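These notes are about the structure you will find just below.
The values are calculated or read from the model by the stated rules, or taken from the named source; none is laboratory data. These numbers come from a predicted model, not from an experiment. Cβ placement follows ideal geometry from the backbone for every residue including glycine, while neighbour counts extend to all protein chains displayed.
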Amino acid sequence: MTQALGAHIAGDVTRFAVRAPLADAVDLCLFDGTAETRLPMTRQGEVWTLDLPGDLTGTRYAHRADGQYDPPANLWFDPTKLLIDPYAVELDRRFTQHPRLAAYGEDTADIVPRAVVTGPLPEVPPSPPLFQRGGLIYELNVAGFTALHPDVPEAQRGTIAALAHPAVIAHLTKLHVSAIELMPIIAWIDERHLPPLGLANHWGYNPVAMMALDPGLCPGGVTELRETVAALHAAGIGVILDLVFNHSGESDIHGGTLSLRGLDPAAYARAPDGALINDTGCGNTLDFACASVRRLMIDTLTHFVRHCGIDGFRFDLAPVIARGPGFDQQAPIFAELAAEPLLATRVMIAEPWDIGPGGYQLGRFPPNWLEWNDRYRDDVRRFWRGTATVGELATRIAGSSDLFGADCRSVNFLAAHDGFTLADTVAYEHRHNHANGEDNRDGHGENHSWNCGHEGVTDGPDVLARRAADVRALLGTLFASTGTIMLTAGDEFGRTQGGNNNAYCQDMPVDWARRDAALENHVAALSAARSARLAAFTRFPEGGEWLAPEGTPMTSGAWESLATDGFTHCPPPGSGHPCISVSRSLRRISGC
C-alpha cells in the first residue's frame, strides 16, 4: 500500500511524511510561536518520515531539506529555506512575496506560513454530483463576490462562508444556478513583479500548496468549506473548484523556494538541457509524466470530495496534465482519475489550451469531460459584431458538433474571469490595462468586442440603448444554446472593469449597489425558461427545419454569407427544444 503523505494522526501517534527523493537530509520543524524545534526525519525510499507521540492537532509545522544546490541542474536544496508540506490542508497565514525567498543561504522562517496539523477530518457521505449537463455554471471570485454585499455581515464578507448567506443563496436561486464555480481558493503567492508596483494577485492562479485553503478566503479551514458546500447543496446548488495543477507559484529560476522546489524539484518539467519548461507562461510547468505529480493531483481531488462534498473541478491550462511532454489523449492521468471511485462520477471541466507546443486541444479531452469553448465565445461575439456568418452562429448554438460531435461537451460562455466582462464587450473596442503596470501590453489584443459608437463610459442615450440591446442579444444566444452554459458573476447585472481585460491584479469587487435591475430580471427570466426544459439542451435535436428570415429553407450560400440577416430553427415536434429565431439587424434572438 502506498504510504500516506502529509501529517496524519493514528491513535496516540502523529506521523509526518514528505516526499524528497533527492535530498540528503530532511528536518521536521515544529513551531511554538516563533520558537522553532528541528527534528531529523528518516528516509524510507523516496519518502522521509517521523512519528511523534500524541495527538498533535493544531501544531504548526514545516520542513527544511538539505542536499545539492545547483540551479542549472534544477537542484535547489537549501536548509535555510522553510518549506511547506505539499500535502498540507491548512496554513496559519497567507504567503508573502519577498526577495529572500529566492536568495540562497538566507533564512525565510519569518516570512513563510506554517502548515497546521488538522487531525482526522469528518467525511461527507458519498452522493452523485449535484449538477446536470446543460445547466448554468456561475463563475465567481470568492473575495470579490461578497466584499461589498450589503446583506452579508461585514466580518464575513469576502470569505467562503459568505456564500452560504441566505441573501447570496437567494440571488443564485433567482438565477437558477446549477453550480457555482469558485475561482482558486488554494493558498497562492503574488507574482514577484506585483509588490513593487503596489499591486497584488486577486485571482489566485499562482498556487504553492495544492491542498491548502487560502487563510484569507477560508479562515475556518476545511470545516468552513464543508459547511458552505452543505448549505449550497441544501438549496440545490452544486460547487465546482477551479484548480491550478499546471504550475507552482515558485515561478522560474529567479523565483522563491517555498515547497516542491526545495523538496522534490523533479516535479517540474525540464527540457533536455535541464532548463525549466514554461508551457504555462508562469515560469515552470508541473511534470505529469511523474507518477508523484499525478498522485498529488488525485489525492487533492479525493480530499475535497471526501471531506467537503465538492461536485466537480475545472482545470486551468488543462493540456499540461496530459503532457509528457507533448499532449496525449491517452495520458495516464485520465485513466487514473476514472479508476478512482470518488472521482469517476465528478464533473471534470478542462480549459483546453496552454501556450506550449500543440497547446490548443479544444475537443480532444475524454468523452466524459466538459470543455471551455472559446470558439463559442468568439463566434457569438463576432456574429453580433457583424463579422461572422449565420452558419458559424448556428453551429455554436447547436452544440459545436464540429468540435464535439453529437455528444455535446461544450461549456458555452460569452465572458469569463479572463478577458472583458460582458458589459465591457459592447463598450470597449480596445483593452485598457494601464493600471496593471505593463504599459497596456498584457491581456488579449483581439477581443471581438465593439463599443456601439463610443469608447467606454458615456451618457449618450442612443449608445446606451444599443449596448443594452446587444447585451440582451448575446445573453439570449447563450441561454438558447445547446450544451452547458457559464455566466461570470455580475455579468447578469452589468458588471464593468473599465475596459481592463486582464484584471488579475486589480481589486474590483462586484458592486451590488450599482446593479442593473432590469437586466438582472431579464437574465433570471431567460434562465427560468431554460431550466424548465433543461434536458432538451444536452443534445441538439436531429431533424427540424432551418428557415431564412423570409420563411424559405436556408441554402448553403445563405449559411456562408456574412450579409444574411438571421434564421429560424424549428425543432421536431416533441423534442422539447425551443424554436429559435435570430435577427442580426433587429439585435434580437427569440424563442418559443
**Residue pairs meeting the criteria (Cβ under 6 Å; at least 6 apart or on separate chains; first farther than 16 Å from L5 by Cα, in the stretch 300-313; second modelled with pLDDT under 95 and of a type outside the set (A, V, I, L, M))** = D311/F131
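Which helices (runs of 4 or more DSSP H) sit wholly inside the stretch 375-437 and have at least 3 residues that are touching a strand residue (DSSP E or B) at 6+ places or on another chain (Cβ under 7 Å)? So that I can check it myself, show each step before the final result.
Numbers: elements: 390-397, 401-404, 422-425.
Once the helices (runs of 4 or more DSSP H) in the stretch 375-437 are filtered for at least 3 residues that are touching a strand residue (DSSP E or B) at 6+ places or on another chain (Cβ under 7 Å), what remains is 390-397.
Could you please find all residues in the stretch 1-43 being polar (S, T, N, Q) and either within 17 Å of S259 (Cα to Cα) or without any contact (Cβ under 8 Å) to a residue 40 or more places away in the chain (or both)? So that I can check it myself, show each step before the final result.
Of all residues in the stretch 1-43, those polar (S, T, N, Q) come to 2-3, 14, 34, 37, 42.
Residues satisfying the conditions are T37, T42.
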**Complete:** Out of (1) closer than 25 Å to P319 by Cα; (2) surrounded by fewer than 20 Cβ atoms within 10 Å (Cβ to Cβ); (3) touching a residue at least 60 places away in the same chain (Cβ under 8 Å), the one D252 does not meet is (3)
**Request:** Run L342 past the list (1) of a type outside the set (S, T, Y); (2) closer than 30 Å to I485 by Cβ; (3) surrounded by 23 or more Cβ atoms within 10 Å (Cβ to Cβ) and report the number of the one that doesn't hold.
**Result:** (3)
**Out of A115, A103, A88, sole residue that is surrounded by 15 or more Cβ atoms within 10 Å (Cβ to Cβ), under 23 Å from D27 (Cα atoms), at pLDDT 95 or above and more than 28 Å from the chain's Cα centre (by Cα)** = A103
**Complete:** Restricting attention to the stretch 519-567, the residues that are more than 26 Å from I137 (Cα to Cα) and in a helix (DSSP H, G or I) number exactly 5
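Each row is one residue, and each column tells you yes or no for (1) of a type in the set (V, I, T); (2) in a loop (DSSP other than H, G, I, E, B); (3) closer than 24 Å to G359 by Cβ.
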| site | (1), (2), (3) |
| --- | --- |
| H202 | no, yes, no |
| G216 | no, yes, no |
| L225 | no, no, no |
| H233 | no, no, no |
| G236 | no, yes, no |
| D242 | no, no, yes |
| F245 | no, yes, yes |
| S248 | no, yes, yes |
| G256 | no, yes, no |
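Each row is one residue, and each column tells you yes or no for (1) buried (at least 19 other Cβ atoms within 10 Å of the Cβ); (2) within 15 Å of the chain's Cα centre (by Cα); (3) of a type in the set (D, E).
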{"site": "D151", "(1), (2), (3)": "no, no, yes"}
{"site": "A161", "(1), (2), (3)": "yes, no, no"}
{"site": "H176", "(1), (2), (3)": "yes, no, no"}
{"site": "M183", "(1), (2), (3)": "yes, yes, no"}
{"site": "I189", "(1), (2), (3)": "yes, no, no"}
{"site": "L199", "(1), (2), (3)": "no, no, no"}
{"site": "Y205", "(1), (2), (3)": "yes, yes, no"}
**Fill in**
L182: passes all of (1) of a type in the set (A, V, I, L, M, F, W, C); (2) touching a residue at least 24 places away in the same chain (Cβ under 8 Å); (3) closer than 30 Å to D70 by Cβ but (3)
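If the requirement is being under 20 Å from L5 (Cβ atoms), assigned to a strand (DSSP E or B) and either in contact with a Cys (Cβ under 8 Å, 6 or more places away or on another chain) or modelled with pLDDT of 95 or more (or both), which of these qualifies: D51, D55?
Result: D51 is the single residue among D51, D55 that is under 20 Å from L5 (Cβ atoms), assigned to a strand (DSSP E or B) and either in contact with a Cys (Cβ under 8 Å, 6 or more places away or on another chain) or modelled with pLDDT of 95 or more (or both).
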